[in-house]
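Here is the structure we will look at, set down as structure tokens.
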Amino acid sequence: MSTQNLLIIGQGDIGLPVTNKLAEEGSSVTGLARNEREHYDLNSNAKFMQADALTLSAAQLQEFTHIAIIVTPDEYSTSGYHDSYLAINQHLAEFADKLTNLARVVFISSTGVYGQDSGEWIDADTVPVSPEREASKVILQAEQVLQQGFGDKAVIIRPSGIYGRARLMRLRKAKEKQKEPVAAQHWSNRIMDRDLVNIIINILTIEAPKPLYIATDYAPVTTHELGVWLSEQIGETPPTIDHSKTAVTGKRLHSNIPLAWLDYPDWQAGYRDILSYQE
């Protein structure tokens, strides 16, 4: 492959580490964000573009061979998703035919686009994809806009629940003295944030990526099993079962991420890392 010139749109909790790691590895990479560079702990080898993605022109993007869209909405509402994911992808797709150097555009979506909620197994071939939440419908629309505009240059990554050393919701719940009873059979899925960074970099830079990745680890787990395990690790009372919730809910995601890309292939590995980091 000819020399890659990468643009990472969004310098948040995932976009910034992606930019920095690419820069550390010697890639030609530019991070794009709305605030000034000083607001971001950006690697000195990375270039920076201060801009709103919705104002970008074809001329500004012409030199890039690979683009990743790693954004979050200003507010977690249907309109917030519409004004970020969908609006950015619509804007870029408008001049897809003018970006003659572009080989790949990667969009970080969400497994929220799968509306299944009865413990079903989901994989990359699962159809139809039928979101329940209005915001998830907007995210799916954003995927489709990009695929329609860029064809086989578009790659979609759907991460499951992102967790990590600074994403500690489940650990906080395990530390609660008075725990709410939890459903016995609610399935959940997760991906360590540092693994997601590695996944995005691999998908951006490998020769021939798949069109769709479900970025999740190899071990779906019920929230009850996870809560019991975490509570035991820290010497707290485990959560009890809410016997009023008898239905199997949630979904089980089948990862299509190569195992070699994951430092944390299951939730135990991830939470052991988090617990050791906490000590």
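Values in this text are rule-based calculations from the coordinates and carry no lab data. Not measured: the values here are computed from a predicted model. Methodologically, a virtual Cβ is constructed for each residue, glycine included, from the backbone with ideal geometry; neighbour enumeration extends over all protein chains shown.
Tabulated results
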quantity	calculated
Burial ranking of peptide ranges 23-36, 91-104, 181-194 (average Cβ count within 10 Å, highest at the top)	181-194, 23-36, 91-104
Cross-link table Lys173/Lys245; Lys137/Lys175; Lys179/Lys245, entries beyond 25 Å C-alpha to C-alpha	Lys137/Lys175
Ala260-Gln178 FRET efficiency (beta carbon distance; Förster radius 45 Å; 0.05 resolution)	0.60
Debye log10 I(q)/I(0) for the chain, one point scatterer per Cα, at q = 0.12 Å⁻¹	-0.78
Computed lengthening from Gln268 to Ile206, 0.36 nm per intervening residue step minus Cα-Cα distance	19.5 nm
The stretch 111-232: Rg to Rh, with Rh as the Kirkwood radius over Cα pairs	1.01
Rg/Rh for the stretch 21-148, where both radii come from Cα atoms and Rh is the Kirkwood radius	1.01
Distance between the stretch 107-176 and the stretch 241-279 - C-alpha centres, whole angstrom	16
Derived scalar couplings ³J(HN,Hα) [the stretch 64-76; Karplus, 6.51 cos²θ - 1.76 cosθ + 1.60; whole Hz; x for Gly, Pro]	8, 9, 9, 10, 10, 10, 10, 10, 10, x, 5, 9, 8
Peptides 265-274, 230-239 ordered by average Cβ neighbours within 10 Å, highest first	265-274, 230-239
Ala58 versus Glu225: modelled label distance in nm, points set 7 Å from Cα along the beta carbon direction	5.2
Chain lengthening between Thr237 and Asp152 when straightened (0.36 nm per residue, less Cα-Cα)	25.5 nm
Length added when fully stretched, Leu168-Glu38, from 0.36 nm per residue minus Cα-Cα	44.1 nm
